[in-house]
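A.B. asks: Before I ask anything, let me first share the structure, which is written out below as structure tokens.
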Amino acid sequence: MTERYDVVVIGAGPAGYTAAIRAAQLGLKVVCVDDWRDTQDGPALGGTCLNAGCIPSKALLETSELYILARDHGPAHGLKFKELSLDLAAMMAHKDKVVSELTRGIATLFKANGVTWIPGRGKLLAKNIVEVSGKSAQQLQAEHVILASGSTPVNLKSAPFDGQRIVDSQSALAFKDVPRRLGVIGAGVVGLELGSVWRRLGSEVLLLEAQETFLSMADEQIAREALKQFTAQGLNIRLGARVLDSRMEKSAVTVRYQDKDGEHEESVERLIVAVGRRPNTDGLFAAETGLLLDEWGFVHVDEHCRTNLPNVHAVGDVVRGPMLAHKGMEEGVMVAERIAGRPASVDYDVVPSVIYTQPEIAWVGKTEQTLKSAGEPYRTGVFPFAANGRAKAMGETSGFVKILADARTDRVRGVHMVGPMCSELVAAAVLAMSFGASSEDIMLTMFAHPTLSEAFHESALAVAGRAIHLAQSRHPKT
Ligand code: NAD
């Protein structure tokens, strides 16, 4: 018998599970089909983010940062550790515990909201039928389908994954020992975060980045400061490096690459390939459905995540836009609301970006170079963490907050930060921009003292040349 549902969601990553929960909250009969299997080979909810991405990487980033704080910064705070050592197995066990608690948490939420979970692979057939393969093989009849199948790491021909020496971001979260020399292809978000983890634990880290510009999607001033800090930490970042091929040795892999100085070879114990991700559409739908993909292979959707098929939506990494869990979650909520007949939309102009390195990098809105090239007049306010009391107490004074405001209307167009806890600080900027704030609105808002958030406040004051804790001569050059 074909079971009937109001909503069938394919994929239980952040976009899919959020859509499923919200749809169920709105009184719809919902099933979520997902084929992820965890390390014990059991089914697990949460997709890449919870099982092999955001969450485990954050666990390793936190622990490795604690290690550096204790080892390198402890003495300046008067803390001396006689025998500080690293127990990698315990660090990994902590990470695995965080992951399993959170993935089981999603299962609890499904139960509490009445969402049915079917482990297995879902495929969209004609007439909104979803075929599930695997142990629970069956067919589901859907009034509405939400495709949320996520993305998968891009494999490079010049350095194909072998799961041992040449690995993707998932395997790089589970090394059993600290590689003496670690190579990373791609100095993007994954490359920098995982490169930082293993650098902190003692690896010599070499990052090969194809682009001449470091972090080209970030504000140039932020990227410059970040590059300076990362280089000081010992991350060896080579820009304009085109990987030609790789060769497997007995206990190493040799990468051959080309840059402006010619050809080079480097031998590393392990090589992480982090050159982006591609949408997961293999086997997701039958050809006779007529589902349209765009020219890059993403499921084609409009601004409300509607595909070309009636009652079929797609959300998250499988559709256009940044591959970010929070963007997918908002899309999931929007689609569930719209299926339930409510108005809803996502404001794609205020999607925050965060890189969880040390210092952290975060931003929302336009970069200075984008405003400049569009010929849009703007004013800038910059405030360094070196002049912030809380940052001083923490001993983390590198970096700054920068606000870009429209020169005609004062409306905030972009906020960029590099420094301590910027992943948290950016929330205030997102909120301000979501409400269409001017830099004056932020200037007139009271921020608690002593907090890092005062740096955001002072950067708004700096737009008007009014920063209190900044001598004009100390204003960083913009
Ligand atoms: P990315 O797009 O952030 O970075 C990939 C980098 O690899 C780019 O700088 C690119 O220029 C470079 N590159 C591409 N081909 C190359 C080649 N042949 N040789 C050398 N360099 C090459 O992709 P990612 O770091 O793999 O991350 C994948 C996705 O996951 C991204 O969309 C990212 O936003 C998301 N993600 C986000 C977070 C976060 O929000 N903190 C963390 C991890 C992943």
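A.B. asks: Taking the stated definitions as given, is GLY195 surrounded by 22 or more Cβ atoms within 10 Å (Cβ to Cβ) and either over 15 Å from ILE272 (Cβ atoms) or within 16 Å of the ligand (Cβ to nearest atom) (or both)?
C.D. replies: It is true that GLY195 is surrounded by 22 or more Cβ atoms within 10 Å (Cβ to Cβ) and either over 15 Å from ILE272 (Cβ atoms) or within 16 Å of the ligand (Cβ to nearest atom) (or both).
A.B. asks: In this structure, is GLU269 surrounded by 17 or more Cβ atoms within 10 Å (Cβ to Cβ), more than 16 Å from the ligand (Cβ to nearest atom) and within 24 Å of the chain's Cα centre (by Cα)?
C.D. replies: Against the criterion (surrounded by 17 or more Cβ atoms within 10 Å (Cβ to Cβ), more than 16 Å from the ligand (Cβ to nearest atom) and within 24 Å of the chain's Cα centre (by Cα)), GLU269 does not qualify.
A.B. asks: Looking only at residues that are touching a residue at least 24 places away in the same chain (Cβ under 8 Å), of a type in the set (Gly, Ala, Ser) and near the ligand (Cβ under 9 Å from one of its atoms) in the range 209-245, which one is surrounded by the most Cβ atoms within 10 Å (Cβ to Cβ)?
C.D. replies: Step by step, filter the range 209-245, then rank; the result is ALA241.
A.B. asks: Right, next: Could you look through the range 137-151, keep only residues that are part of a loop (DSSP other than H, G, I, E, B) and within 31 Å of the chain's Cα centre (by Cα), and pick out the one that is nearest to the ligand (Cβ to nearest atom)?
C.D. replies: Ranking the qualifying residues of the range 137-151, first place goes to GLY150.
A.B. asks: Still on this structure: Out of PHE175, PHE161, which single residue is over 22 Å from VAL243 (Cα atoms) and either touching a residue at least 24 places away in the same chain (Cβ under 8 Å) or in contact with a helix residue (DSSP H, G or I) (Cβ under 8 Å, 6 or more places away or on another chain) (or both)?
C.D. replies: PHE175
A.B. asks: Let me ask something additional. Restricting attention to the range 152-164, which residues are among the small types (Gly, Ala, Ser) and within 16 Å of the ligand (Cβ to nearest atom)?
C.D. replies: Correct list: SER158, ALA159.
A.B. asks: Continuing with the same structure: All but one of (1) in contact with a His (Cβ under 6 Å, 6 or more places away or on another chain); (2) surrounded by fewer than 16 Cβ atoms within 10 Å (Cβ to Cβ) hold for THR254; which doesn't?
C.D. replies: All conditions are met except number (1).
A.B. asks: Would you mind finding the one in SER85, SER100, SER64 that is closer than 23 Å to SER398 by Cβ, of a type in the set (S, T, N, Q) and either free of Cβ contacts under 8 Å to residues at least 12 places away in the same chain or in the same structural domain as TYR17 (by TED's automatic domain parsing) (or both)?
C.D. replies: On inspection, the qualifying residue turns out to be SER64.
A.B. asks: Based on this model, can you work out whether HIS457 counts as assigned to a loop (DSSP other than H, G, I, E, B) and at pLDDT 95 or above?
C.D. replies: no
Each row is one residue, and each column tells you yes or no for (1) farther than 23 Å from SER57 by Cα; (2) in contact with a Pro (Cβ under 9 Å, 6 or more places away or on another chain); (3) among the aromatic types (Phe, Trp, Tyr); (4) more than 10 Å from the ligand (Cβ to nearest atom).
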residue	(1), (2), (3), (4)
LYS127	yes, no, no, yes
ILE166	no, yes, no, yes
ARG180	no, no, no, yes
ARG200	no, no, no, yes
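A.B. asks: If you don't mind, another one. Is it true that LEU206 is more than 10 Å from the ligand (Cβ to nearest atom) and touching a Phe, Trp or Tyr at 6+ places or on another chain (Cβ under 9 Å)?
C.D. replies: Here the answer is no, as LEU206 does not meet what is asked.
A.B. asks: Looking only at the range 272-312, filter to residues that are of a type in the set (Asp, Glu) and in a loop (DSSP other than H, G, I, E, B); which one of those is nearest to the chain's Cα centre (by Cα)?
C.D. replies: Checking each candidate, the answer is GLU303.
A.B. asks: Consider the range 247-258. How many of its residues are part of a strand (DSSP E or B) and either within 22 Å of VAL197 (Cβ to Cβ) or within 28 Å of the chain's Cα centre (by Cα) (or both)?
C.D. replies: Total satisfying the criteria: 3.
A.B. asks: Take the range 106-139 and flag every residue that is surrounded by fewer than 20 Cβ atoms within 10 Å (Cβ to Cβ) and under 12 Å from GLY283 (Cα atoms).
C.D. replies: Answer for the range 106-139, where residues must be surrounded by fewer than 20 Cβ atoms within 10 Å (Cβ to Cβ) and under 12 Å from GLY283 (Cα atoms): ARG121, LYS123, LEU125, GLU131, SER133.
A.B. asks: Here's another thing I want to ask about it. Output the number of the condition that LEU371 fails; it satisfies all remaining conditions of (1) within 21 Å of the chain's Cα centre (by Cα); (2) not in a loop (DSSP other than H, G, I, E, B).
C.D. replies: Evaluating LEU371 over (1) within 21 Å of the chain's Cα centre (by Cα); (2) not in a loop (DSSP other than H, G, I, E, B) leaves (1) as the failure.
A.B. asks: Go through the range 314-364 and give me each residue that's assigned to a strand (DSSP E or B) and more than 16 Å from the ligand (Cβ to nearest atom).
C.D. replies: ALA314 - this is the single residue of the range 314-364 that is assigned to a strand (DSSP E or B) and more than 16 Å from the ligand (Cβ to nearest atom).
A.B. asks: Answer with yes or no whether ARG474 is at pLDDT below 95 and either in the same structural domain as GLU62 (by TED's automatic domain parsing) or not hydrophobic (A, V, I, L, M, F, W, C) (or both).
C.D. replies: Yes, satisfied.
The values are calculated or read from the model by the stated rules, or taken from the named source; none is laboratory data. Fair warning: this is a prediction, and the values are worked out from it, not measured in the lab. Cβ coordinates were reconstructed from backbone atoms using ideal geometry, including for glycine residues, and neighbour counts include every protein chain displayed.
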